[in-house]
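The values are calculated or read from the model by the stated rules, or taken from the named source; none is laboratory data. Nothing here was measured: the structure is a model prediction, and the numbers come from that model. Positions of Cβ are generated from backbone atoms using ideal geometry, with glycine treated the same way; all protein chains shown enter the neighbour counts. When the accessible area is computed, the model is the full protein with side chains, heavy atoms only, and any ligands, DNA or RNA have been set aside. Shrake-Rupley method; radii C 1.70, N 1.55, O 1.52, S 1.80 Å.
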Amino acid sequence: MNEKTASERLEQLFGFKNEDGLSEAFLSVLEECIRDADEEVRAQAASLLALVPADRAEEMLLRGLADESELVRTEASDAAECSCSPLVLKRLKELSRTDTAMIRGYAARSFAKSALSCGEGLDEAVSFLEESLRLEEDQWVALFFLQALCLLGRYDCYPPLLLGIDSGESRNRCAALHGIEEVMRPQDRETTIVKIKERLRVEDDEAVRSAIDILLSHLEENGTGTADV
């Protein structure tokens, strides 16, 4: 039987993405695609691993997190946020210190979410992220570390995260806004709205303005922040 082309593999994956439930066929295709020769196929497969039950996801996540492609490692790092596998958590820690800026950021956030989901070793996770933040020189990555620490209850990190919306780089401002939406507590709502409205008055980047508009609409519609803590 002929091997499927990359386009055919991608078509399979996009089709499964809209299906309800996780069939054995879906899992079998993912296991094949995470090993595919085509980078785009592997990346798309990695992006879907957050949907996979833990007992089937570990091996595929580890493969994605060790992939030679930065794109695949990025997608796997993002998808690993619900994993409680000690091996996956160890790998996320490694990547958050040693890989490219893009992957360090996503790996740090997923490491915090995974640690929180597992409910174990939270003090150690906080200490690791605090030290990583001190060592980090890239502001975009530092914003992810701040978000990660907020997720683990270190809300003294929220003010510097909020200040990220005044960064000189638009990608940093977007990262701060997305992080704020995920971790903001109800008690931070009014201060946050005032600050982002101030930013909106001077913001000239369309992507950032769009992110601000979306965040404001969510805050003003719901009347509360997104974090439960």
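How far is helix 6-17 tilted off the main Cα axis of the chain, in degrees rounded to 10, range 0 to 90?
Tilt of helix 6-17: around 60 degrees.
With an 8 Å Cα cut-off and a minimum separation of 6 or more residues, compute the relative contact order for the chain in percent.
11 percent
In the set [x] 1.17; [y] 1.01; [z] 0.95, which value of Rg/Rh (Cα atoms, Kirkwood Rh) was calculated from the structure you see?
It is the value labelled [y].
Counting other Cβ atoms within 10 Å, keep those with at most 14, restrict to DSSP loop, and tell me which trypsin sites (Lys or Arg not before Pro) in the stretch 38-103 are left.
Answer by residue number: there is no such site.
Hand me the GluC sites (Glu not before Pro) from the stretch 112-163 located in a DSSP loop with no more than 16 other Cβ atoms within 10 Å, in residue order please.
GLU120, GLU137
Apply the Karplus parameterisation 6.51 cos²θ - 1.76 cosθ + 1.60, with θ equal to phi minus 60°, to every residue of the stretch 97-105 and state each ³J(HN,Hα) to the nearest whole Hz, in sequence, with x for glycine and proline.
Rounded to whole hertz, the list is 10, 10, 8, 5, 4, 4, 6, 4, x.
Rounded, prolate or oblate, given the Cα gyration tensor of the stretch 106-229, with a/c below 1.5 counting as rounded?
It comes out oblate by the Cα gyration axes.
Per the 1.4 Å probe, what fraction of the accessible area of the chain, in percent, lies on carbon and sulfur atoms?
Roughly 48 percent, rounded to a whole number.
For the chain, with the dipole built from +1 on Lys and Arg beta-carbon atoms and -1 on Asp and Glu ones, taken about the Cα centre, which of LEU116, LEU161, PHE26 lies farthest toward the positive end?
Comparing the listed Cα positions along the dipole, LEU161 ranks first.
Helix 189-202: angle to the longest alpha-carbon principal axis of the chain, degrees 0 to 90, nearest 10?
Result, in degrees: 90.
Calculate how steeply helix 24-33 sits against the longest principal axis of the alpha-carbon atoms of the chain, using the helix alpha-carbon long axis, and give the answer as 0 to 90 degrees to the nearest 10.
Between the helix axis and the principal axis of the chain, the angle is about 90 degrees.
Give the residue list of GluC sites (Glu not before Pro) in the stretch 1-87 that are DSSP loop and have at most 16 other beta-carbon atoms within 10 angstrom.
Those satisfying the criteria are GLU3, GLU19, GLU68.
Shape verdict for the stretch 69-177, please, from the Cα gyration tensor: rounded (a/c under 1.5), prolate (a/b greater than b/c) or oblate.
oblate
222 nm [θ] for the chain, helices only, -39500 (n - 2.57) per DSSP H run of 4+, per residue, to 500?
-22000 deg cm²/dmol
Just the accessible area per residue of the chain, please: how many Å² with a 1.4 Å probe?
Computed with neighbouring chains in place, this is 50 Å² per residue.
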